[in-house]
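Down below is the structure, laid out as structure tokens.
Computed from the coordinates by the stated procedures, all read-outs in this text should not be read as laboratory data. Since the structure is predicted, the reported quantities are computational estimates derived from the model, not experimental observations. Every residue, glycine as well, gets a Cβ built from its backbone with ideal geometry; the counts of neighbours run over all protein chains shown.
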Amino acid sequence: MSGHRVPRGGSVRLGAVDGDLEVEKRARVEADGRLVVSGTVRCDGDAEFQGPLECRGFKARDGEIRLAGDVVVQEDLEGRDSSIVVEGSLTARRVDVDRRLEVRGPAKAESFEVGGSLEGGATLDASRVAVGGRFVLVGKLTAQKVEAGGRLDVGEVDLDRLEAGGSAEVKGGAVRTSIEVGGRFRSSAPLKFGSIEVGGVADLAGGSQGRSVEVGGQFSAEGDLTFEHLEVGGIGSIAGNGSGGTVEVGGRFDVRGSLRLRGRAEVGGSIAVGESLDGTDVEVGGRLEARRAVFSGSAEIGGTALTREGLKAARVRLERKSRTSGPLVGGDVEVGARARVEDVYGESVRLGDGASARRVFGRDVRLEDGASADEVTYTGTLESSRDVTVRAPPRKVERLDPFPL
Amino acid sequence: MAGPANGGPSRRREATDLYATVLEVVKRYHGAARITRVSYGAGMPVDRLRNLLERLGALGLVRSEEFDGRPVYEITPRGQEFLDTYWKMRAYVEILGPAGPPGRR
């Protein structure tokens, strides 16, 4: 093979090169229509190519390379301590650039590995993409695995896995297996996902659906959300309806619409649901607020329960000094010492020491020391300890009216 | 690169932000992080990065070994623990907002 060498600072116009093309520092190569190199293009230092280029391999070192045209590399494109800008499309087998790669047209390769930053002006299609720093792509990203050490900001995605160190933003699509982001993750359009694990903050567009969400700090869904498990360390919110398996929130959890769970909700601070809240069990350290809340298992409230239509569960347990508004309906209803509640309905109702209720309807009712109620209506037994106050005489009846909810 | 550890809104990068940035880049190379590559990824000159990696190594947050006569770096489980705590704490700081002196009641 004869090959061709472009000397330092030289400028040539070439159509075809049989063999390798050696390009020295600050050289300029212009394609005569289309430049086809049967061997490898080797650049030492800065270089510029005008027009479309096709070659078997492309190797650059210690330079800034500008490729003004579409580029097809049958094997690998490498840039050692180099930055490469492709102003057209790029197709290669593997791409490995130390510093910066910019591709303004569509890019396709088995793998892209870039040490510094990768910028794409159109779509990118690969099996694997690994970027040490920043990865920005205007169009759709299709890949199995994508990793960025710093920031990732891409268009629609069709991925198996996504990992980013700092932050990641996508414009919807699908990440089938997992998303792992250290700092902040955002999807500005509906996203289908397997699992999301974010250390800091995550925001999803309404209509997103997935298996599990685990966020260390703050989570928000800008509309409806469907999930299996949602776990948030700090604050969580769903601006539409939530539907899923289980929820675990350390601090506050707000849902503007309804929240329908097949399992348990555990909230350390407060939960506020604009419409109805349903599930098997609920445990709230602070405050529960909903139009109505219905659980097939237990409801344990540490502080306050505010409902318009009521709170119903097989077992309702209110901690001492708790407060409720709206009816409580059980099963077994246990009102802690010095708690204040409104109407209570249950198979078995117990008002703890010094607790007060408005009206009590139950089969078996027990009032502990100092408990008080305006009315007590029962069908089975009424047990009262010392200093109990019932303002109207207790009524034993044959049957009670149906309970609310 | 925008913001601390390329993550959030801009504020002055503190030492912990730099450590987190470097650890995140090292993590992406799965045990084969060369110092030049980490330098491009973290946007930090090699000499400064070398000192920082030494510090991270002394704290047990990264470990290094020779590969082809050159050191390569890997994040340790302790380093991963640092990152988890760092990002969670960053989020809480953001949630809580800027803190003024506690008011008197």
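Observations on the model:
- Compactness ratio for the stretch A:280-405: Cα radius of gyration over 2.2 N^0.38 Å (N = residue count) comes to 0.94.
- The Rg/Rh ratio of the stretch A:47-148, with both radii computed over alpha carbons and Rh defined as the Kirkwood radius, is 0.92.
- Per-residue mean of foreign Cβ neighbours for B:33-46 is 5 (Cβ atoms of other chains, 10 Å radius).
- Amide H contacts of A:Phe219 (H built 1.01 Å from N, under 5 Å, at least 5 apart or other chain): A:Ala202, A:Ile235, A:Gly236, A:Ser237
- Tensor-based shape of the stretch A:1-99 (alpha-carbon gyration tensor, a/c under 1.5 rounded, otherwise prolate or oblate): rounded
- DSSP-defined antiparallel bridges as percent of all bridges, the stretch A:270-399, nearest 5: 0 percent
- The calculated Kirkwood hydrodynamic radius for the protein assembly as shown is 26.5 Å, given to one decimal from all distinct C-alpha pairs.
- Test item: Cα-centred dipole of the stretch A:280-405, Lys/Arg +1 and Asp/Glu -1 on Cβ, debye: 280 debye
- Distance between the modelled labels on B:Arg48 and A:Asp32, one decimal in nanometres: 4.9 nm (7 Å Cα→Cβ projection).
- The mean of 1/r over all pairs of different alpha-carbon atoms in the stretch B:4-94, once inverted, gives a Kirkwood hydrodynamic radius of 13.2 Å.
- Model label points for A:Leu400 and A:Arg358, set 7 angstrom from Cα along the Cα-to-Cβ axis, are 1.6 nm apart.
- Count of lysine pairs in chain A with Cα separation under 18 Å (8 or more residues apart, or interchain): 9
- Rounded FRET efficiency, nearest 0.05, which uses the C-beta distance separating A:Ser325 from A:Val85 and R0 of 51 Å: 0.20
- Only one residue of A:Val41, A:Pro52, A:Val12 has its Cα farthest out toward the positive end of the dipole of the stretch A:1-99, where Lys and Arg carry +1 and Asp and Glu -1 on Cβ, and that residue is A:Val12.
- Sorted peptide list for A:283-291, A:345-353, criterion being average Cβ within 10 angstrom, highest first: A:345-353, A:283-291
- Other residues within the sphere of radius under 11 Å centred on the Cβ of A:Leu367, judged by their own Cβ, net out at -2 (K and R +1, D and E -1).
- The simple spin-label model puts a point 7 Å past each Cα toward its Cβ; for A:Ser127 and A:Thr389 those points are separated by 7.9 nm.
- Interchain or long-range residues, amide H under 5 Å from A:Ser11's placed H: A:Arg28
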